[in-house]
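Notes follow once the structure below has been shown.
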Amino acid sequence: MSAPDRRSRFPASQPRQGGRSGDAPLTIVERPATLVQVNARKGRQAELVAAIAKTLALALPDAGRTATAADMAALWLQPGSWLIEAPAGRRGELPGTLAQTLNGIAAVVDQSHGRCVIEISGAEARAVLARLCRLDLHERAFAAGDSAATLVGHVSCLIHRTGGEAPCFRLVVGSTFAEWLLHELTAAAASYGWRFTPAGEAAA
């Protein structure tokens, strides 16, 4: 099996930091991932849900939600369509496995090179995103496991909130817009202080 692709989607793929320094700056991390979109064929959604549950032990979520199992997650995109997020090390086999398993049931599209995952965490993560996004990201309105498609700054993203004590959000963005999104995030975080770690430097 080939080594997982952990190449950064950022031209200057070195750790960076900026803004006001502090004990707990905002953390921005590029997370290498295998991303596979599955789209149910007409009348086959129930079969798709059952096949994913059997093959990956992952329950495809309802609208606006994310489901997790072990080291994978499934994000709802639209009726009959989900994005599967798995570790970068599965990029060599997961798309092919799903294409074979779901043959005739769903269209399977490997999005691993076309999209990337940026994680933003820390005490001020929600405050920073609030400067860029119209969604109400307070935990009462956008809890762990919630997801939505939205604009962050001027960039279209799929955002979902993960669990944990400190606020943590993952943004799935087109790879060609990743640097632009990072610029928007770091500008919004300048008053708090931030640290960015690209793929290759971060653990997968």
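Can you work out which of the residues in the range 113-125 that are more than 11 Å from the chain's Cα centre (by Cα) and buried (at least 17 other Cβ atoms within 10 Å of the Cβ) is farthest from residue 169 (Cα to Cα)?
Taking the candidates together, the pick is 124.
So, of the residues in the range 1-50 that are modelled with pLDDT of 80 or more and of a type in the set (Asp, Glu), which turns out to be farthest from residue 198 (Cα to Cα)?
Across the range 1-50, the extreme among qualifying residues is 47.
What are the residue pairs meeting all of these: first residue in the range 101-129, first residue touching a residue at least 60 places away in the same chain (Cβ under 8 Å) and over 24 Å from residue 193 (Cβ atoms), second residue assigned to a helix (DSSP H, G or I) and among the charged types (D, E, K, R), Cβ atoms under 6 Å, and 6 or more apart or on different chains?
From the range 101-129, the pairs are 105/47.
Here is a yes/no grid of residues against (1) over 28 Å from residue 186 (Cβ atoms); (2) aromatic (Phe, Trp, Tyr):
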{"residue": "90", "(1), (2)": "yes, no"}
{"residue": "96", "(1), (2)": "yes, no"}
{"residue": "106", "(1), (2)": "yes, no"}
{"residue": "128", "(1), (2)": "no, no"}
{"residue": "132", "(1), (2)": "no, no"}
{"residue": "141", "(1), (2)": "no, no"}
{"residue": "152", "(1), (2)": "no, no"}
{"residue": "169", "(1), (2)": "no, yes"}
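The values are calculated or read from the model by the stated rules, or taken from the named source; none is laboratory data. This one's a predicted model, so the numbers in the text were calculated from it and none came from an experiment. For neighbour counting, all protein chains shown are included, and Cβ atoms are generated from backbone atoms with ideal geometry for every residue, glycine included.
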